[in-house]
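Comments concern the structure below.
The values are calculated or read from the model by the stated rules, or taken from the named source; none is laboratory data. Predicted, not measured: the structure shown is a model, and the values here were computed from it. Neighbour counts run over all protein chains shown; Cβ positions are idealised from the backbone, glycine included. Side chains included, ligands, DNA and RNA excluded: accessible areas come from the protein's heavy atoms. Shrake-Rupley method; radii C 1.70, N 1.55, O 1.52, S 1.80 Å.
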Amino acid sequence: MQIECLDISYQYPQTDIYVFDHLNCRLTGPGFHALFGQSGMGKTTLARMIAGELTGYSGLIQSSEISKVLYTHNMERFPGWAGIGELMASTTPASGRDRLNAMVNAFGIQSVMNARFSQLSLGQKNRANLIRYLIQEFDLLIMDESLANVDETTRGRIIINLKTLYPEKSFLYISHNMMEIAKFCKQIVVLRSPGKHPPAQVISGRNLMREDDLVIKELEQTMLEIVHAS
Amino acid sequence: MLHRRIQQFVLVYFLGILALLLVKYLLNLSDYVIPSPVEIWQTCRTVFARYVISVLDTLWIAIVGHMISIALAFLVGIVGRPNSWFGSLIKAAAYNIQAYPIVAVAPIIFILIGDGLITRLLIAVLICYFPLLLSVIGILSEPVDSIEHFYVATKRMNWRLQVRIRAYENISKLITVIAGGGTMAVVGTIVAEFIAADAGIGYSIRTALYQSDLSKILTALFLIGIGTSLYLTALEWVGNVIQKRLVSSKATPDK
């Protein structure tokens, strides 16, 4: 699996401001990768370009061994006319039925499956939304702040679960939590502040599979690299 | 709801009557121009039963016309909702046609198909259809990205689901627009009867106008107000029931 952004330039319609100016980066292999950067650096824009939801940029995004890319963000909602369990069941492909229950239990939302989306807490909403994407067919899932409003412990548990349950899939996780991405991600694309060249830098994360494997010194080193890059 | 609406109407109506009588006595106008309270009361008692039947006759035409308008507005709104050439043509056509006062077009309908039931119904439909269409098409062509994104990304989106999502998300607006359309349907029917009919309360008003009988017109206005209030209250009640059913939860979440 590989995604490569080659010489990407993009400016928002009817503005002179470049979000990306000759951006290059490459992510290789399945696993949990991250897209990091300060607010307004274009993380969501790049994610939508990779997902094919945004066009009008120059340059090329090429991928190999990736045919289905899904993009999800934390502002998504379920329709309000039925409970989330019913809605999830109606959009679960045959191949994902067994996995649905496992995900619901792993994400800790089994007690609210009959509730309407509007009745859930923000964290429950984000988890429910993520589950319905995870049970779809995909090669790369882009998670744009998908675990926002979920407590740190649960977030860590969910990420480790994803890495265990989907060893062959690729994830691109967008988060502002530097420690989290440094700990769990394999490769981290850092979108740098304006004026810095090159505009993006790829850093290797600790890619932990268990919290116990954490070596503080190594984590600090990775975080330092991210800070320097950004 | 009904109690408050009728109370408000009766208050406004009697304030109007009071203003008329004030003008009458201040300017010393004759009973021929503005009848006395006693004459208004006597006329009311004489024509009340006949006018009630006329108002009911008008109301059922208005209701049928309103329902046809709603069905048509949703049909055209669904067809015209995509941001396609056809969609924009429908929107432009609806805006342009709405610019013509239907009251001015009504005599053409009368000339073409004569007076009677069809003319009344057609004019009622035309008067409430275009505002309804513009609102419905506006609501149905506005994407609800936060909900639709998943279905688009997973290639599950179809026109029925899209309409369902957009209608559900804007249910209060739709109910308000439909209830507002009810008033226009009543007005449309009365206008049609005034121009081209031999039945209904609009026809009764025209007859009273030819007789210069303000008492009859005032009685008709009173009954029209009550009839319209009843219809609007019924519409709002149905709207509330639909809304409550749609938003009611199946279970209480354990947070």
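Taking all protein chains as present, what is the carbon and sulfur share of the accessible area of chain B, in % to the nearest whole number, probe 1.4 Å?
On the way: 9510 of 13690 Å².
Carbon and sulfur: 69 percent of the exposed surface of chain B.
Would you mind computing the Rg to Rh ratio of the protein assembly as shown from its alpha-carbon coordinates, Kirkwood style for Rh?
1.18
Any lysines with Cα under 25 Å of the B:K24 Cα? List them, leaving off those in the same chain fewer than 8 positions away.
Correct list for B:K24: B:K216.
Step through the residues of segment B:45-51 one at a time and calculate ³J(HN,Hα) from phi using the Karplus curve (6.51 cos²θ - 1.76 cosθ + 1.60, θ = phi - 60°), rounding each to whole Hz and writing x for Gly and Pro.
3J(HN,Hα) across segment B:45-51, in whole Hz: 5, 5, 9, 3, 4, 5, 6.
If I take R0 = 22 Å and measure r between the Cβ atoms of B:I113 and B:Y210 in this structure, what FRET efficiency does the formula 1/(1 + (r/R0)^6) give, to the nearest 0.05?
Working: r = 23 Å, r/R0 = 1.07.
Efficiency, from the Cβ-Cβ distance: 0.40.
GNM on chain B, C-alpha springs below 10 Å: top fluctuator among B:A94, B:A185, B:A49?
B:A49
List the relative contact order of segment B:2-246 as a percent without decimals, with contacts defined as Cα pairs under 8 Å and 6+ residues apart. List each step's numbers first, then the result.
Values: 269 pairs, mean separation 76.3, N = 245.
Relative contact order for segment B:2-246 comes out at 31 percent.
Can you work out ³J(HN,Hα) from phi for every residue in segment A:29-37, in order, using Karplus 6.51 cos²θ - 1.76 cosθ + 1.60 and θ = phi - 60°, giving whole Hz and x for Gly and Pro?
So the Karplus estimates, Gly and Pro as x, are x, x, x, 9, 9, 9, 10, 10, x Hz.
Which whole-Hz couplings ³J(HN,Hα) result when phi for each residue of segment A:75-87 is put into the Karplus expression 6.51 cos²θ - 1.76 cosθ + 1.60, θ = phi - 60°, listed in order with x for Gly and Pro?
Running phi through 6.51 cos²θ - 1.76 cosθ + 1.60 with θ = phi - 60° gives 9, 6, 10, 8, x, x, 7, 8, x, 5, x, 5, 5 Hz.
How large is log10 I(q)/I(0) at q = 0.17 Å⁻¹ when the Debye formula is applied to the Cα atoms of chain B, each weighted equally and without solvent?
Listed by q, the Debye log ratios stand at -1.27.
Under 5 Å between amide H atoms, partner at least 5 residues away or on a different chain: which partners does A:Y173 have, H built in plane at 1.01 Å?
A:H33, A:A34, A:L35, A:M143
Can you give me the P(r) profile for segment B:31-155? Cα pairs, bins 10 angstrom wide beginning at 0, each as a whole percent.
11, 26, 24, 19, 11, 6, 2, 0
Compare A:R206, A:R192, A:R99 in a GNM of chain A, Cα atoms joined below 10 Å, and give the one with the largest fluctuation.
Of the options given, A:R99 has the highest mean-square fluctuation.
Chains A and B: what accessible area do they bury, summed, in square angstrom to the nearest 100, with a 1.4 Å probe?
Numbers: alone 11280 and 14830 Å², together 23870 Å².
Using a 1.4 Å probe on protein heavy atoms, the buried area is about 2200 Å².
Rounded to the nearest 500 deg cm²/dmol, what is the calculated helix-only ellipticity per residue at 222 nm for chain B, with -39500 (n - 2.57) per DSSP H run of length n ≥ 4?
-28500 deg cm²/dmol, from helical runs alone.
Under a 1.4 Å probe, what is the accessible area of segment B:55-145 per residue, stated in Å²?
Details: 4460 Å² over 91 residues.
Heavy-atom accessible area per residue stands at 49 Å².
For A:K186, which lysines qualify as cross-link partners when the Cα separation must be under 26 Å and same-chain residues fewer than eight apart are set aside?
Of all the lysines, those that pass the test against A:K186 - Cα under 26 Å, at least 8 places apart if same chain - are A:K43, A:K68, A:K163, A:K169, A:K196, A:K217.
For chain A, what does the helix formula give at 222 nm: sum of -39500 (n - 2.57) over DSSP H segments with n ≥ 4, over the residue count, nearest 500 deg cm²/dmol? Write out the running numbers ahead of the final one.
On the way: 7 runs with 73 residues, N = 230.
Computed ellipticity for chain A at 222 nm equals -9500 deg cm²/dmol.
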